Structures are given as structure tokens and as C-alpha cells.
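Trainee: Got a structure for you, written out below as C-alpha cells; questions coming shortly.
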Amino acid sequence: MTATPAPAIELRGISKAFGPVQANRDIDLVVPRGTIHGIIGENGAGKSTLMSILYGFYRPDAGEILVGGKPVAIADSQAAIRAGIGMVFQHFKLVQNFTVLENVVLGAEDGRLLRPSLSRARGELKRLAAEYGLQVDPDALVEELSVGHQQRVEILKALYRRADILILDEPTGVLTPAEADHLFRILRGLKDEGKTIILITHKLREIMEITDNVSVMRRGEMVASVRTAETGPAELAELMVGRKVLLRVDKPPARPGAPVLEVRGLRMVDAEGVERLRGIDLEIRAGEILGIAGVAGNGQTQLLEILGGFPEAGARLQGEIRLGGRPLPLQGPGADGRARRRAGIGHVPEDRQAEGLIMDFTAWENIAFGYHHAPEFQRGPLMDNAAIRADAMGKIQRFDIRPPNPDLAAKSFSGGNQQKIVVAREVERNPELLLIGQPTRGVDIGAIEFIHKRIVALRDAGRAVLLVSVELDEIMALSDRILVMFDGHIMGERLPAEATTGDLGCLMAGVEPARADAGGGAG
Amino acid sequence: MDFATLIQILDSAVRLMTPLLLACLAGLYSERAGVFDIGLEGKMLMAAFASASVAYATGSAWLGLLAGIAGAAAMAGLHGVASIGFRGNQLISGVAINFLASGLTVLLGQKIFGLGGRTPSLSGAARFGEITLPFADSLRPVPVIGPIYAELVSGHTVLVYVAFAMVPLTWWVLYRTRFGLRLRAVGENPASVDTAGVSVVRLRFAAVMICGVLCGIAGAYLATGISAGFVKEMTAGRGFIALAALIFAKWRPWGALGATFLFGLLEAVANRFPNLDLGFVTVPSMFMNALPYILTVVILAGFVGRAIPPRAGGEPYVKER
């Protein structure tokens, strides 16, 4: 036996697959007692799946979980609670029209009648409030509380269940900076009381600010576990994004022409009141590919959605967009996807399965979507299906979409071929401006090369391309200019020839490269 | 209109509202747990048939009641398996139950009794008799209070008292017990219950089965209390009226009492005054008979303030992160 106390949590070889997708692959993790442990990775890296396994929401396909040095089987959330694990989900699991007290008690009642449970909880909440600075009015309805207070209720729920280990999933995503600061004070207080905290985030700044140790996940794997003091944001950003085999795209030098797209002072506040875009200015010229790099979740998605004509519901927008000198409406009538397409903007959305395709419809139908109003596809008041099919067949051949069967449902194609369907549809219309998000996510090497060539060909034909990708190599290989987005604004601009991954990594982490060098520490 | 007439109308209203109240409370349990139930009608019909048949065969209204409850509970179980177990569409499952009950009762009725879907008339112990409460007769001469007690409060079948007792009982269960807290939570945000380590499926099933039992009592009351036997389609849309009353009541037990009383009263007035003479205009009986339905439309159109249904209502619960 070793002298050091057993770690609060130890995972050994955890694997979990959803169908063909390997969400977690052979994960090892050690979280010492009484520490704050950060788990960082991009959206879809498998962080949340891992924590859901720990909380009994999913069962791992393989692997072992040890809590306090003892192996435990966590079959359901009740078992996790018994093992002393509490979880604060990204989307709160609160009953909106219940009081704070009722929410805290729910599922942890003392007996069949409510009154004794409620009065005990009231006393307990008072004690917890005093001890950890978690003040919340126990009789307030949850729906009347601010998001920050609702989060406190979630923490209180866990503490009321005597959790020793607290998992927080992206806790600051919905908080204002002041609320986030308060949360961090609470977390430090909890740590001082001997609680163990696991913080899942994709924000490097939070990791650097509050954690003792940090583990990095990428594509379902745990790629590194280090002491926070011994690393820096640039190194972490690089670990998160990863360096793949060098991509090389043969392309002639760009010959930029007149500006096609101009964006001035674009701001966006989402329905929850969080500012997602904080004043974006950019310009794309004809015959130019502008790449936007950044860790996922820093506003790139919102930018693409606004330009494409489908900002999320309830968003408030401000600023100016011009296409070829003509102003485009930001919202309201004339700002939908169809109007944008008519204005000459093609859009390959980031999430092709949710936004680019209708998975149950056939390939030929999908190849026409968005352009099915085009005059050549009409025959009197009806759609000319024969013409649409013929057009689709042509695109299927030119893009080498396999199997070359236009009658198959979109869902029957592989990821790469699905993407080719979307790219074929948008690129062959020869748009003034092509918006393209994550063009090669989940796409095989052969299709990547093909899609890249078509993007370059479009540029060489004098069109403008806005490329958003979290793959740094893709950005560096394709772009004629690179902008780095961080926290809703543009951190900096680089030319691919003079940019290094370390340099871009710093910008992606929200750090000016010069400052990071001066600060040292980065290994 | 004199006092005696008023008492008679109210008395009639109480009888007519009883099945509505039971069905409304039945729907309340189910919908508060997040399972929409438009199959109240079918469950009541099934219960009415089962209770009348068994009451006729055994000569016992009580055995009839048990059979009615069993019949409605079987239908409720079907709804539960389809919409909770298999996460099917709750509306479709409810519609299926209505059709199933409508067809099955007539088919079985004809096969067993050969009376064109009816059951033979019930009499004696095969029906629930009226209970005279203590002192009803001795208090009758007392002005005002006497007739109210003797005519209105006393002289109903036991099922009427059961229905009225269900109102405070439901309130107490919903707001004062652990089960009630969890039931309300599962209709609002099942994920909150799931993450707390409580089974969503078990809770919802419990709610749906309580719904079945109450529909069973309602159906038995129709066939063996208010009438003397089962007649084809005898529920006559009461399940749907109860649903409207549930919206009117904003899914609250005391509200259910008020809403179903209003509907019962309308029906009673229509029965008493087929052609209501208001002096300047005579309201035809068709209009009076249609009034509960018109009112239902008005309610559903949202003219009585916003009724916010349980947030997770109608949604099968699929576990997600």
C-alpha cells in the first residue's frame, strides 16, 4: 500500500460507443482528493459522455471506476449519489415551477410525507448557505431565479445529497463574468472543505485560473494529463485541437478582387442574454478564402448562422452586412436562408445532418433543396422532378458521390458522401460567396482532398469563400488570410505563410502571443 | 324560479358532474405526470360496460364496480405500455383506446346479451342505491338548511361521495406527499427526476394506473348509479368534456371541482328547461344541450386566461445527457 491517500476517482480503460461512433476510447483518469481537476476538450471530444458514465447515465462498454480506491459499479444515478458523486449539468435539471426547497428535496425525501423533509432541508440549506456562500431564497420559484442562482440550486442539490465529488459540466457557459467569478469563489471554498471538483470546460482561461490538474480530451481519447502549473494555454490549445498529418493543398496564389462581403460591428446576444458576438468586423474579397480559426464555441457558429440567414431564435442582432456593396437585412423578412441564397450566398452548414440534409429524403431531393424554386426546376405550377433528377445525376457523377444512386436516402450514405451531396449542391450554383463550416468533419481522407480542391476551384473562379474550421491544419492549408476568433470577437489576423501553430494556438486561447512568451511557464 | 326548483337543479347538477369530476381527476393524475390522455372516454365506456355486465351477472353493484375498475385499468395499462414503455405517441394511443372501447363494448354486448349492444336493465342490488344520510328526514323541516341537507347533500349513491372525497384527497397526495412531489416533477421535467435517481417510467405508470382506476369508478357510476345498465356509447363525450374541464381547472384538484360543477349545472339546466324562456327570447333546447360543448370550445380557445399545461406533457421521456 502506498502512503498517499487513494484518489477520489480513478477511471481505468473506460470505453463507450454509440453505434459506430466511439465517444470514449480506453480512458484513464486519476483525480486526487481535495483538488479541482479540469477536463478540457472541444465540443464532441467525449468529455460529457465520460462524466455521464461517472454519474450513471450511461454504462461503459469496458473499463473500471474506482471511488476512494474501491471499485464501484455505477448502474444508475442513485448509485452515483450513494458513492458521493454529485453532478451539475450544463442544462440544469430543475423543475421550473417548484420552489428551491422542493427542487433540493426531490428524490432525496426523508419519508412518504413532505413536511418533515422540507423543514429539515430548510435548516440544511441555511447551514450550507453560511458555510459556502451559497445564498438562495428557499421559497423562491426556480423560474424566477437568475441563471447563476439556478446553478447554485444545482450545487445545493448535490451537497444536500452529501456529495464529496462534484462534477460541473460547462458551468460558466450561461453565466455572466461576475456570476462566473462568484462560482469560482464557491468552488474554491468547497475545495478548502475537502471536496473534490471536476470541471468540464472548453475555456482555457478557466482551466488556468482555477484548476490544480488538467486532462485534455480529443476525439474520445485522453491525450494528456498534466499539472496546471506546469503548462500554459498555448500548449493546451494545441493539445485540444491536435496536429494531424500535414495537409497540403496545391493552389495558385490568390488574386483578390473587389470586396464581396463586408461585416461591420456585428453583435449578437442570444435568447438567454449571453453575448455571443462582440463586434465582428471582416471583409472578404472576390477570389479569396478567408479562414476563421478558433476553438469551437467562440462564436463561429453564430457568425455562420447569421450570414446564412438563420440566427437562433430569440437572438438580438446589431451591425451591418453588405454583399457586393448592397446591405443585407440581419433579421426579419428578407433575412431567411432562401433570400440569402437568392442574393448569392451558398452555405455548407457546420452540422450537415441537422442543417444541411434531410436524412430520410433521397439524394436527388437533397441535391435540389434550397434551390428547388429555381426556374429550371419548374414545369408550370409543378416541380419538374425529371429535370431535378437529371441535374442531380450530373452532380453525383461530377462529385463522384458513391454509391451513384440518386434514390437512396441521405442517411444511407457515408459521412464523406453526405458532405459531397451538400458541397455539390452549394458549389455548383457558383455563389458569389460560399459559407462553409467544418467542411471535412467526419469525412474520409479522399473526400477531404476532393472537397478542398473544389473550394480552391471556386476561389480561382473569382468567388469569395468564408471557411470556418476547428481543424487548424485545414485553416492553414486552405486560407489566403486567417482570422482567429475567441469569445465572440476577432483576436487577430495572420497570413498563413507567416503563422505558426503556437502563435495561432495562443490567439485561440485568448492570449496575445507576446504576453504568453513573456509570462513563461509554457512548456 | 323558486327555492325548491333551485335545489332540484343543483341536485341534478351534482349527479351529472360526478362522472365528469372522476374523469377529470383521472386525467389530472395522468397529465400532471406528463402523459396526455384523450382515452378517458374509452376507459369510462369500457368500465361502464364491464360493470353493468358483471353487476347483471352477479347481482352485485360492488362486484360490478370492481369489474369496471379492472376494465378501465386494463385500458390504462395498454396506454402505459404504448406511450411510456414503447414511447409511442400519446394522442394516437388515446385515440386507439377510444376506438377499441367503442367497438369492443358493442361487439361483446351483442355477443353476450343479444340486445343490440345494450346490457339488460339492472335493478335492486345490481345498482348503487341512494344513501340517506343521518338526520336527513328530521332536519328537512328546518328552513333553507333543511332542504339543502336533505335533498342536495343527502340521497346520492356512495360513488358520488367518493368522487367528492377524491378532491381533497388528490390535493393532499399532490402537494403533501413524496409521491405527489415526484409526480408533479415528472410532468414538468422528467430529467430532474431521473438525475435524482428516481424511475421516470415507474412514476408515470403509477399515475396512468391511478387514472385508470378513477375512470373505472366513473364508468361504473354511469352504468350502475345514474343509469340502470349499459347503453351503446353511453359516455356521450363525457371523457372529452372532462378533458376540457381539466384545462379550465388549470390542472388543479379544486379547480376540477369548480369546472365540472359548471358543466354539470349547464347540463342540469338544459334538462330542466328544454326551452328556456328569458322573456325576450326563447332559448331552444338544442342550444342548451350544445352549451357545454360550446363552452368547451371557448375554453380551449383560451378565453379563460392562460392555462399552462405540465411542461413535459405529451413527450415520451428519452434519457439524454
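Computed from the coordinates by the stated procedures, all read-outs in this text should not be read as laboratory data. Remember, predicted model here, so these are calculated numbers, not experimental data. Ideal geometry is used to build each Cβ from the backbone, glycine not excepted, and the neighbour counts take in all protein chains shown.
Trainee: Let me confirm one metric for peptide A:53-59, namely the mean number of other chain beta-carbon atoms within 10 Å of its residues' beta-carbons.
Mentor: Counting Cβ atoms of other protein chains within 10 Å of each residue's Cβ and averaging gives 2.
Trainee: Roughly what % of Cα-Cα distances in the stretch A:422-499 sit above 22 Å, to the whole percent? Present the calculation step by step, with values, prior to reporting the outcome.
Mentor: Working: 713 of 3003 pairs.
So the portion of pairs separated by more than 22 Å is 24 percent.
Trainee: Within 10 Å of each residue's Cβ, count the other Cβ atoms and sort B:215, A:506, B:24 from fewest upward.
Mentor: Listed from fewest to most nearby Cβ atoms, that is A:506, B:24, B:215.
Trainee: Taking the highest mean first, how do the peptides A:483-496, A:129-142 order by number of other beta carbon atoms within 10 angstrom per residue?
Mentor: For the peptides A:483-496, A:129-142, the packing ranking is A:483-496, A:129-142.
Trainee: Starting from the amide H of residue A:113, placed 1.01 Å from N in the peptide plane, find each other amide H under 5 Å away whose residue is 5 or more places distant or on another chain.
Mentor: Here the answer is B:178, since their amide H atoms fall under 5 Å of that of residue A:113.
Trainee: What FRET efficiency comes out for the pair residue A:493/residue B:308, r = Cβ-Cβ distance, R0 = 35 Å, nearest 0.05?
Mentor: Rounded to the nearest 0.05, the efficiency is 0.10.
Trainee: Moving on to the next point. Compute for the stretch B:104-168: radius of gyration divided by Kirkwood radius, i.e. Rg/Rh, restricted to C-alpha atoms, rounded to two decimals.
Mentor: Radius of gyration relative to Kirkwood radius: 1.24.
Trainee: Once fully extended, how much extra length lies between residue A:250 and residue A:185, figured as 0.36 nm per residue of separation less the alpha-carbon to alpha-carbon distance?
Mentor: Working: separation 65, 0.36 × 65 = 23.40 nm, distance 5.15 nm.
Length gained, residue A:250 through residue A:185: 18.2 nm.
Trainee: OK, next. Work through the residues other than residue A:507 whose Cβ is under 10 Å from its Cβ and net out their charges, Lys, Arg +1 and Asp, Glu -1. Mind dumping the intermediate values first?
Mentor: On the way: positive: A:494; negative: A:493, A:503, A:512.
Taking every Cβ under 10 Å from that of residue A:507, the sum is -2.
Trainee: To the nearest Å, what is the center-to-center distance of the stretch B:152-196 and the stretch A:49-82, using C-alpha atoms only?
Mentor: Here the answer is 36 Å between Cα centres.
Trainee: Turning to a different aspect of this structure: Antiparallel DSSP bridges in chain A: what percent, to the nearest 5?
Mentor: Looking only at bridges with both residues in chain A, the antiparallel portion is about 55 percent.
Trainee: Next question, about the same structure. Which translational diffusion coefficient, to the nearest whole µm²/s, is obtained for the stretch A:347-430 from the Stokes-Einstein equation, given a Kirkwood hydrodynamic radius over C-alpha pairs, 20 °C and 1.002 mPa s?
Mentor: D = 170 µm²/s.
Trainee: Further question on the same structure: How much mean residue ellipticity at 222 nm does chain A get from its helices, if each DSSP H run of length 4 or more adds -39500 (n - 2.57) and you divide by all residues, to the nearest 500 deg cm²/dmol?
Mentor: -9500 deg cm²/dmol
Trainee: Residues of A:105-112, mean number of Cβ from any other protein chain within 10 Å of their own Cβ, rounded to a whole number?
Mentor: 5
Trainee: Right, here's the next one. If you bin the C-alpha pair distances of the stretch A:9-241 every 5 Å from 0, what whole percents do you get?
Mentor: Final binned percentages: 1, 7, 14, 18, 19, 17, 12, 7, 4, 1, 0, 0.
Trainee: Scale the Cα Rg of the stretch B:168-321 by the rule-of-thumb value 2.2 N^0.38 Å and send over the ratio, two decimals.
Mentor: 1.28
Trainee: Something else: For chain A, calculate the relative contact order in percent as a whole number, restricting contacts to Cα pairs under 8 Å that are 6 or more residues apart.
Mentor: 15
Trainee: Between residue A:226 and residue A:310, what FRET efficiency comes out of the Förster formula 1/(1 + (r/R0)^6) with R0 = 35 Å and r the beta carbon distance, rounded to 0.05?
Mentor: It comes out at approximately 0.30.
Trainee: Can you run the Rg to Rh ratio on the stretch B:196-270? Use alpha carbon positions and the Kirkwood inverse-distance Rh.
Mentor: 1.06
Trainee: Output the peptides A:257-263, A:406-412, A:285-291 sorted from most to least packed, where packing is the average of other Cβ atoms within 10 Å over each peptide's residues.
Mentor: Packing proxy ranking, top to bottom: A:285-291, A:257-263, A:406-412.
Trainee: Rounded to a whole number, what is D in µm²/s for the stretch B:36-147 from Stokes-Einstein with the Kirkwood radius over alpha-carbon pairs (25 °C, 0.890 mPa s)?
Mentor: Calculated translational D: 154 µm²/s.
Trainee: Can you give the FRET efficiency to the nearest 0.05 for residue A:361 and residue B:172, using r as the Cβ-Cβ distance and R₀ = 51 Å?
Mentor: Values: r = 53 Å, r/R0 = 1.03.
The formula returns an efficiency of 0.45 here.
Trainee: Using Cα atoms only, what is the angle between the long axis of helix B:158-176 and the major principal axis of chain B, expressed in degrees (0 to 90) to the nearest 10?
Mentor: 40
Trainee: As a test of the definition: which semi-axes, in Å, follow for the stretch A:452-497 when you take the square root of five times each eigenvalue of its alpha carbon gyration tensor? Largest first, please.
Mentor: Equivalent ellipsoid of the stretch A:452-497: 21, 11, 10 Å, largest first.
Trainee: Would you compute, for the Cα atoms of the stretch A:143-243, the largest minus smallest coordinate along each principal axis and list the three values in descending order, in whole Å?
Mentor: Per principal axis, max minus min of the Cα coordinates gives 45, 27, 24 Å.
Trainee: Return P(r) of the stretch B:39-87 (all Cα-Cα pairs; 10 Å bins starting at 0; whole %; ordered from short to long distances).
Mentor: Bin by bin from 0 Å, the calculated values are 32, 41, 21, 6, 0.
Trainee: Run the quick spin-label model on residue A:351 and residue A:407: label points 7 Å from Cα toward the beta carbon, then report their separation in nm to one decimal.
Mentor: Spacing of the two 7 Å Cα→Cβ label points: 3.2 nm.
Trainee: Could you tally the net charge around residue A:323, taking each other residue with its Cβ under 14 Å from the Cβ of residue A:323, Lys/Arg +1 and Asp/Glu -1?
Mentor: Cβ neighbours under 14 Å give a net charge of +4.
Trainee: In degrees, nearest 10, range 0 to 90: what is the angle between the Cα axis of helix B:285-300 and the longest Cα principal axis of chain B?
Mentor: It is inclined by approximately 30 degrees.
Trainee: Take every residue in peptide B:181-190, count the Cβ atoms of other chains within 10 Å of its Cβ, and give the average of those counts. All intermediate terms of the calculation are to be shown ahead of the outcome.
Mentor: Values: counts 11, 3, 0, 5, 9, 2, 1, 5, 10, 2.
The shielding value for this peptide is 5.
Trainee: Only helices at least 15 Å long along their axis, Cα-based, and averaging 0.5 or more on Kyte-Doolittle count here, so list those DSSP H runs from chain A. Spell out each step's value before the answer.
Mentor: Values: long enough: A:114-132 (26 Å, -0.69); A:147-160 (19 Å, -0.11); A:177-192 (23 Å, -0.39); A:385-398 (20 Å, -0.41); A:415-427 (18 Å, -0.33); A:445-460 (23 Å, 0.56).
Both cut-offs are met by A:445-460.
Trainee: Considering amide H positions built from the backbone, and no H for Pro or chain starts, which residues 5 or more places from residue A:405, or on another chain, come under 5 Å of its amide H?
Mentor: Distant-sequence amide H within range of residue A:405: zero hits.
Trainee: Here's something else I'd like to know. Counting only residues 5 or more places away or on other chains, whose amide H sits under 5 Å from the amide H of residue A:218 once H atoms are built in the peptide plane?
Mentor: A:223
Trainee: Helix B:253-272 versus the longest principal axis of chain B: what is the Cα-based angle in degrees, 0 to 90, to the nearest 10?
Mentor: Helix B:253-272 sits at roughly 40 degrees to that axis.
Trainee: Could I ask something else about it? Evaluate the distance, in nm, between pseudo-label points positioned 7 Å from the Cα of residue B:227 and of residue A:338 along their respective Cα→Cβ axes.
Mentor: Result: 5.2 nm between the two label points.
Trainee: Starting from the Cα of residue A:386, step 7 Å along the direction of its Cβ; do the same at residue B:137; then give the gap between the two resulting points in nm.
Mentor: 9.2
Trainee: Right, next: Based on the Cα atoms of chain A, what semi-axes does the equivalent ellipsoid have, where each is the square root of 5 times one gyration tensor eigenvalue, given in whole Å with the largest first? Spell out each step's value before the answer.
Mentor: Details: eigenvalues 396, 134, 113 Å².
Semi-axes from the Cα gyration tensor: 45, 26, 24 Å.
Trainee: Using the Kirkwood formula over every pair of different C-alpha atoms, what hydrodynamic radius in Å results for the stretch B:177-219?
Mentor: Details: mean 1/r = 0.0922 Å⁻¹.
By the Kirkwood definition, the hydrodynamic radius is 10.8 Å.
Trainee: Above 26 Å lies some portion of the pair distances; for the stretch B:3-239, what is it as a whole percent of all C-alpha pairs?
Mentor: Of all Cα-Cα pairs in the stretch B:3-239, 42 percent lie more than 26 Å apart.
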